[in-house]
Amino acid sequence: MKNCRSIHWCILSLFLSFPLNFASASEANTAEYLEKYPYVYHLVQKSMWDEALKTNTTYFPPTYTQDNFTHATANPDFLLTIGNHFYQEVKGDWLCLRMSVDSLAATGVQTIFEGTAPVGDKEADFEGTDSELFPHILGGIHPLAVLEAHVVSRNKSGRFLAVSDVISSMTLYHIVSQKELETLTSDNIYSPLSIALEGYIHFSKLDLIMPIANDAYIDREVLYLLQVTFDEDDEDLRWIGDNPDYYRGLDLKMVEKKLEFTRGKDGRWLLPEGLQ
């Protein structure tokens with residue numbers, strides 16, 4: 001990069017250093033995505049960001065030399081997934097930096113939108129990213145580019161739970177047949193057999209619903225999807241890896257939506273209307 005004769009060749013060489021499986025978004029797709037998600041978010045170790053603020057210098061993440069850019073996300077729904085996939089084992093306090101493409105550009109840094117990419121040696125093989133675009137910041141983050149630094153909440157095991165003023169709750173789903181919902185509900189409290197056997201109700205994120213429905217519930221006649229939003233500090237909601245379990249009977253007043261599955265021509269369940 002030091003020997004580049006012009007900025008154009010510098011940018012070209014930077015692009016060529018990216019893995020070939022990157023797919024850059026068109027300007028039209030990027031504009032559409034920015035209209036939907038106007039901010040760029042980056043999870044950062046608080047100690048590193050505090051040092052950047054103290055010295056008023058540009059922050060570069062630990063994997064910048066290997067990745068050649070700073071990872072970020074525009075869709076805030078992926079923040080906790082990203083934190084738990086890449087950084088759950090990293091101890092200490094974390095922040096979430098909120099920026100925009102314009103605020104980054106004002107510090108001389110370009111942002112491009114592409115598909116997922118590894119963070120250092122760890123692959124970005126988490127669920128739900130097939131159609132997502134992610135902002136890749138072609139440089140570091142200067143304090144002047146940051147609109148706000150949000151506090152990240154984690155539990156004792158290091159799991160990322162919430163981002164202040166961005167994500168304070170999580171929406172999860174439970175699959176249940178009509179027969180089971182009717183026969184296992186008493187006084188408006190639904191208690192499936194898993195309560196007696198294991199002590200909890202299985203919940204899932206939306207991206208895992210269809211594999212579960214067509215594996216464990218393919219023989220049910222009528223199938224429902226219950227949507228419930230939990231507070232970050234709900235003590236009855238506990239996680240084993242990426243699996244959320246609810247350690248009590250479900251008060252059906254908590255259910256925001258009860259959606260019915262339909263079957264496709266091949267007999268397999270389809271995602272309920274309104275979630276597609």
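Only the coordinates and a few stated rules stand behind these numbers; no lab work does. Note that this is a predicted model, so its numbers are computed, not measured. Counting neighbours? That spans all protein chains shown, and the Cβs are built from the backbone with ideal geometry, glycine included.
Let me make sure I get this right: for region 169-270, a, b and c are the square roots of the gyration tensor eigenvalues over alpha carbons, sorted descending. Under 1.5 in a/c it's rounded, otherwise prolate if a/b > b/c, else oblate. Which is it? Since a/c reaches 1.5 and a/b is larger than b/c, the shape of region 169-270 is classed as prolate. Quick one: helix 7-16 against the long Cα principal axis of the chain, what's the angle to the nearest 10°, folded into 0 to 90? With rounding to tens, the tilt is 40 degrees. The ratio of the alpha-carbon radius of gyration of region 130-194 to the globular-protein estimate 2.2 N^0.38 Å is 1.92. The loop-placed trypsin sites (Lys or Arg not before Pro) in region 53-160, going by DSSP, that have at most 16 neighbouring Cβ atoms within 10 Å of their Cβ come out as K91, K156, R159. Normalised by 2.2 N^0.38 Å, where N counts its residues, the alpha-carbon radius of gyration of the chain equals 1.17. Taking label positions 7 Å along the Cα-Cβ direction at both A216 and S157, the computed distance is 1.7 nm, reported to one decimal. Of the trypsin sites (Lys or Arg not before Pro) found in region 223-276, the ones in coil according to DSSP and having at most 11 other Cβ atoms within 10 Å of their Cβ are K265.
In this simple spin-label model, placing a label point 7 Å from the Cα along the Cα-to-Cβ direction at both A31 and N68 gives a separation of 2.8 nm. Think of it as helices only: each DSSP H run of n ≥ 4 in the chain is worth -39500 (n - 2.57), and spread over all residues that comes to -6000 deg cm²/dmol at 222 nm.
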